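The values are calculated or read from the model by the stated rules, or taken from the named source; none is laboratory data. Computed from a predicted model, the values in this text were never measured in an experiment. Cβ placement follows ideal geometry from the backbone for every residue including glycine, while neighbour counts extend to all protein chains displayed.
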Amino acid sequence: MHLDIASLWDFYYTHHLGAVAQRNLQLTLRGIWPDVKGMSVLGYGFTAPFMRPFANEAARTLCFMPEVQGAGVWPREGLSATALVRPGELPLPNGFVDRLIIAHAIEAEPRLDALMEEIWRILAPDGRVLIIAANRSGLWARTDNTPFGIGRPYSARQLDRLLRDHNLTPEAHSGALYFPPSDRRFWLRTSATAERFGRRVDAQRFAGALLVEASKQVFALPRNGVKARAGGLLGPIKGLAPKPVKPVGASNRD
């Protein structure tokens, strides 16, 4: 099942646990991508809580939210950068995105192959995608009081296989949310210490969320081929189509 936009927004923006999770995931993401100056950064799923550190640096930041989830306005100030989309029809030209974050999306997406093919299509040749997914061996996947307890959790090996199956090469693995998914004051106050310790000893098996960064393979096409949509950059070029050849002996009137 998909979480709806109201539940996701409520967790990250009204609950203490959600606010702490947001802060820790932002710090982890920023450590992976410390510089996005001049780039196009896209979030797919529910990524609004994690986009703020990139908004004032990137050339453009966008949030795409799947139609089964619903969409909310982000950022709260100024013009909205969100759009409600279908997973197999992302409204961007080929090779448009330099950095792409996926969160709260693949765990419950019935058209996962279509989504992954679109991700390959819109990524720039040197683009990077970063998947944030619930860790199947972590505590956060075992309780339904957070969005990470809804849908199918993943192991690092499963995420690697998903990426490789769609011509994306895993480059780096990280973990986040090493503290228990509890609203108790003790765990919230010690969450920063738990995050530092988890990263230092690289205890990804116990993380609540797995983060896998991958690069685009430009020497291969997705299994069903690249679809020329949303800009049609791979469409035929006028004037280059071969002219028909008359059969030998044909009349000039034909």
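In the range 153-188, how many are among the polar types (S, T, N, Q), within 17 Å of the chain's Cα centre (by Cα) and not in a strand (DSSP E or B)?
3
Is it the case that residue 73 is within 25 Å of residue 55 (Cβ to Cβ) and at pLDDT 95 or above? Give the derivation first.
Numbers: within 25 Å of residue 55 (Cβ to Cβ): yes; at pLDDT 95 or above: no.
In short, no.
When only residues in the range 79-115 that are crowded, with 18+ Cβ neighbours inside 10 Å and of a type in the set (Asp, Glu) count, which is modelled with the highest pLDDT?
98
Contact list please: Cβ distance under 7 Å, first residue in the range 1-30 and without any contact (Cβ under 8 Å) to a residue 60 or more places away in the chain, second residue outside any helix (DSSP H, G or I) and of a type in the set (Phe, Trp, Tyr), pairs at least six apart or on different chains.
none
Please tell me if residue 14 is among the hydroxyl-bearing types (Ser, Thr, Tyr) and crowded, with 19+ Cβ neighbours inside 10 Å. First the steps, then the outcome.
Details: among the hydroxyl-bearing types (Ser, Thr, Tyr): yes; crowded, with 19+ Cβ neighbours inside 10 Å: no.
So residue 14 fails the test.
Looking only at residues in the range 56-69 that are touching a Leu at 6+ places or on another chain (Cβ under 7 Å) and in contact (Cβ under 8 Å) with a residue 60 or more places away in the chain, which one is nearest to residue 101 (Cα to Cα)?
Among them, the one singled out is 65.
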